[in-house]
Amino acid sequence: MNKVFIGSDRIGYKLKNELIINLNSSGYEVVDIGPFEYKSVNYPEIAIEVSECVSKDQGSYGILICSTGIGMSIVANKVKGVRAANCTSIFLAEHSRLHNDANVLCLGSSVVKLNNAIKIVGKFLSTSFEEGKHTIRVQMINNIDR
């Protein structure tokens, strides 16, 4: 099974912990980047750490959770080698993997409830990159990293 690095801000803390339980029971190797208690944190620090772990660990995935998923996705996409997608549906999660080879999933805990989040995470982690014409496009995205 693949390694999953996961982190959140205070608002995403509860959903993060629930997803960790689900991922562990599904056999994933989960690395919790924090926070480790329900308190205010600077979410960019968490997003950078998760994203750098994914960038360095080929084949791993990241999950970042904040209130909307927007802030986490903005920060994560600043890290070389990361293709983060803010997904609110199973369809978006699937296509972020199929067409963009996304390696970091961002979720908004104020937007996506637990049962849907579990399904979104499951689809994200179980969907393979489609390759073909999408390989050229992902390479174009990667070439933007300087």
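The values are calculated or read from the model by the stated rules, or taken from the named source; none is laboratory data. These figures come from a predicted structure and were not determined experimentally. Note: ideal-geometry Cβ built from the backbone for every residue, glycine included; neighbour counts use all protein chains shown.
Out of the residues in segment 83-92 that are surrounded by fewer than 24 Cβ atoms within 10 Å (Cβ to Cβ) and outside any helix (DSSP H, G or I), state the one that is nearest to the chain's Cα centre (by Cα).
Per the criteria, the residue is 85.
Filter segment 9-31 for residues that are of a type outside the set (Gly, Ala, Ser) and closer than 19 Å to residue 67 by Cβ and give the result.
9, 10, 11, 13, 14, 15, 16, 17, 18, 19, 20
Name the one entry in 97, 83 that is closer than 15 Å to residue 128 by Cβ and touching a Ser or Thr at 6+ places or on another chain (Cβ under 7 Å).
Matching residue, one of 97, 83: 97.
Here is a yes/no grid of residues against (1) assigned to a strand (DSSP E or B); (2) in contact with an Asp or Glu (Cβ under 6 Å, 6 or more places away or on another chain); (3) polar (S, T, N, Q):
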site	(1), (2), (3)
4	yes, no, no
14	no, no, no
21	no, no, no
27	no, no, no
39	no, no, no
44	no, no, no
59	no, no, no
96	no, no, yes
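If you take the residues in segment 118-145 that are over 14 Å from residue 62 (Cα atoms) and in contact (Cβ under 8 Å) with a residue 40 or more places away in the chain, which one is surrounded by the most Cβ atoms within 10 Å (Cβ to Cβ)?
Taking the candidates together, the pick is 118.
Assess whether residue 16 counts as being surrounded by 16 or more Cβ atoms within 10 Å (Cβ to Cβ), within 16 Å of the chain's Cα centre (by Cα) and among the charged types (D, E, K, R).
Spelling it out, residue 16 is indeed surrounded by 16 or more Cβ atoms within 10 Å (Cβ to Cβ), within 16 Å of the chain's Cα centre (by Cα) and among the charged types (D, E, K, R).
Restricting to segment 93-122, and then to whatever is under 24 Å from residue 10 (Cβ atoms) and hydroxyl-bearing (Ser, Thr, Tyr), can you tell me which residue is nearest to the chain's Cα centre (by Cα)?
The qualifying residue nearest to the chain's Cα centre (by Cα) is 109.
Condition check: under 12 Å from the mean Cα position of the chain (by Cα), among the hydrophobic types (A, V, I, L, M, F, W, C) and surrounded by 15 or more Cβ atoms within 10 Å (Cβ to Cβ). Does residue 31 satisfy that?
In short, no.
Among the residues of segment 31-77, write down those that are closer than 16 Å to residue 106 by Cβ, in contact (Cβ under 8 Å) with a residue 24 or more places away in the chain and of a type in the set (D, E, K, R).
Selection gives 49, 52.
Return the pairs, sorted by first residue and then second, in which the second residue is of a type in the set (Asp, Glu) and surrounded by fewer than 22 Cβ atoms within 10 Å (Cβ to Cβ), the first residue lies in segment 1-15 and is without any contact (Cβ under 8 Å) to a residue 60 or more places away in the chain, the beta carbons are less than 7 Å apart, and the residues are 6+ apart or on different chains.
From residues that are without any contact (Cβ under 8 Å) to a residue 60 or more places away in the chain, the pairs are 1/29; 3/29; 3/57; 6/32; 7/49.
Identify, please: which residue in segment 96-110 is surrounded by fewer than 19 Cβ atoms within 10 Å (Cβ to Cβ) and closer than 15 Å to residue 73 by Cβ and is, among those, modelled with the highest pLDDT?
110
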